[in-house]
Amino acid sequence: MTIGDALKEVQVELGLTAEEMTAGVISKGTYSKVINNKTRLSSDLLLKILFSHGIDIEVFFNKTKDTYAPKNIIIEEKLSQELKLSNFLCK
């Protein structure tokens, strides 16, 4: 999931309009371009949006991990989760 996709998902989860999601940070037009993956958002502006709505940064970035993290990190994390589940089920 891209950052734009994650922003849109969180916006819907919070029941916010685009204007409410971006109030005082970026314009509705810029936000539209971000969520449609037509432009990128600086980390400063992204953090302002996330913090202004109390969005958990770790949860947000976990949504985007499959798109931005190196594949070996993704594979290692999935294997680690499977091992934890396997160990839990064996107990």
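The values are calculated or read from the model by the stated rules, or taken from the named source; none is laboratory data. Source: prediction; values computed, not measured. Because the Cβ atoms are built from the backbone with ideal geometry, glycine has one as well, and the counts that use them run over all protein chains shown. Ligands, DNA and RNA are excluded from the accessible area calculation, which covers all protein heavy atoms including side chains. Shrake-Rupley method; radii C 1.70, N 1.55, O 1.52, S 1.80 Å.
When segment 63-79 is limited to residues that are among the basic types (Lys, Arg) and open to solvent by 90 Å² or more (accessible area, probe 1.4 Å), the one that is modelled with the highest pLDDT turns out to be LYS71.
Note on segment 23-38: among residues that are in contact with a Ser or Thr (Cβ under 8 Å, 6 or more places away or on another chain) and more than 14 Å from ASP5 (Cβ to Cβ), the one that is surrounded by the most Cβ atoms within 10 Å (Cβ to Cβ) is VAL25. Name the single residue that is farthest from VAL10 (Cα to Cα) among those in segment 48-62 being loosely packed, with under 11 Cβ neighbours inside 10 Å and charged (D, E, K, R). That would be GLU58.
Residues in segment 9-22 that are open to solvent by 80 Å² or more (accessible area, probe 1.4 Å) and not charged (D, E, K, R): VAL12, LEU14.
Within the span defined as segment 29-43, every residue fails to be among the aliphatic types (A, V, I, L, M), under 15 Å from the mean Cα position of the chain (by Cα) and more than 14 Å from LYS8 (Cα to Cα).
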